[in-house]
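These notes concern the structure reproduced below.
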Amino acid sequence: MTDQPTVAEAAAKGRADRRKLNKRAGLFRLREAIPLPIFNTAGFVVPLVLVLAWLAVTSLGLVKPLFLPSPLAVLEEAWRQISTGILFQDAAVSTYRIVMGWLAATVLAVPIGILMGNFRIFEGAFEPLISTARYMPVVALIPLSVLWAGIGDEQKILILFLGTFFQMTLMVMDNVKNIDINLIRAGQTLGFSNAEILWRIILPAAMPDIWDTFRITIGWTWTYLLVAELVAAQSGLGRRIMDAQRYLATDTIIFGTVFIGLLGLVTDLLFKRFGRSMFRWTADR
């Protein structure tokens, strides 16, 4: 007589099978956490594949070096700039301009965005103007920026400010408008003034999202660097790329572009790290 599994044994076997299936499908389950080593390794796979494909295409001579230099040529250009000190000088100048332009935009955008998100009168007064201005091409304002601020760092910072301020203001407005209205009603019930509600309820509740807005908008500021350094810049990463275009130095162009992207990535990672430290309750979002 063949032994038949009991109900408990069958249930246990079913759970074990489901665990095995879930383990195999865990990497592709919606919002499912995966092991940190796998997560970190995945970030290197796609770039590595692209670099290998790039190396193969250039090594086989499928594309002329004028149009696409090899990765080794780009690395040689990187070493040239590092060894001569050009890279660090340009990076320092560009980073200063980025930080100053972004800070200037932040100092104005945050209070205006908070007022627009909480008072309809401010939203009605500023939203049409800001929404219109954010669609205007910043590059078209370069002649005016030269007239207003000259050709020094002030002009570059102004361009970076204009490229960031309008979008940041609207994003901060949305951040505070997403706060649960019941929290505000509770503050009013407790007799809080408008200033107390803004400072003690709305701002703490909205700050994680505002911090994400900071992270996103400083990334946008990096993308405007080339435009900012287009006119009369003597140094800077964007200036180096513009000079390379005149001589068709594609290895310099590619390295400069990738390096700006890497600096932006470092900035993004720093904001994420500080954000996780300051707003631990949002870790699972």
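Below is a table of values for the structure above.
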read-out: First in segment 225-252 and open to solvent by 10 Å² or more (accessible area, probe 1.4 Å), second anywhere and among the small types (Gly, Ala, Ser) and at pLDDT below 85, Cβ under 7 Å, 6 or more apart; value: Arg239/Ala233
read-out: First in segment 37-62 and of a type in the set (S, T, N, Q), second anywhere and surrounded by 10 or more Cβ atoms within 10 Å (Cβ to Cβ) and at pLDDT 85 or above, Cβ under 9 Å, 6 or more apart; value: Thr58/Pro65; Thr58/Leu68; Thr58/Pro69; Thr58/Ser70; Thr58/Pro71; Thr58/Leu72; Thr58/Ala73; Ser59/Ser70
read-out: Count - residues of segment 113-146 that are among the aliphatic types (A, V, I, L, M), open to solvent by 40 Å² or more (accessible area, probe 1.4 Å) and in contact (Cβ under 8 Å) with a residue 60 or more places away in the chain; value: 2
read-out: Every residue from segment 64-103 that is open to solvent by less than 40 Å² (accessible area, probe 1.4 Å), free of Cβ contacts under 8 Å to residues at least 60 places away in the same chain and assigned to a helix (DSSP H, G or I); value: Pro71
read-out: Long-range neighbours under 7 Å by Cβ, at least six apart or interchain, first residue within 17 Å of Gly113 (Cα to Cα) within segment 182-204, second among the hydroxyl-bearing types (Ser, Thr, Tyr); value: none
read-out: Of the criteria (1) open to solvent by less than 80 Å² (accessible area, probe 1.4 Å); (2) under 25 Å from Gln167 (Cα atoms), which one Val107 fails; value: (1)
read-out: Of all residues making up segment 171-181, the number that are assigned to a helix (DSSP H, G or I), among the hydrophobic types (A, V, I, L, M, F, W, C) and under 12 Å from Ile114 (Cβ atoms); value: 4
read-out: Residues of segment 259-281 satisfying the condition of being among the aromatic types (Phe, Trp, Tyr) and touching a helix residue (DSSP H, G or I) at 6+ places or on another chain (Cβ under 7 Å); value: Phe259, Phe271, Phe279
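Each row is one residue, and each column tells you yes or no for (1) in a helix (DSSP H, G or I); (2) within 17 Å of the chain's Cα centre (by Cα); (3) not basic (Lys, Arg).
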site	(1), (2), (3)
Phe165	yes, yes, yes
Ile184	yes, no, yes
Phe192	no, no, yes
Ala195	yes, no, yes
Phe214	yes, yes, yes
Thr221	yes, yes, yes
Gln234	no, no, yes
Asp243	yes, no, yes
Ile253	yes, no, yes
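The values are calculated or read from the model by the stated rules, or taken from the named source; none is laboratory data. All values reported here derive from a predicted model rather than from experimental measurement. Glycine also receives a Cβ, built like all others from the backbone with ideal geometry; neighbour counts cover every protein chain displayed. Heads up: the accessible areas ignore ligands, DNA and RNA and are worked out on the full protein's heavy atoms, side chains in. Shrake-Rupley method; radii C 1.70, N 1.55, O 1.52, S 1.80 Å.
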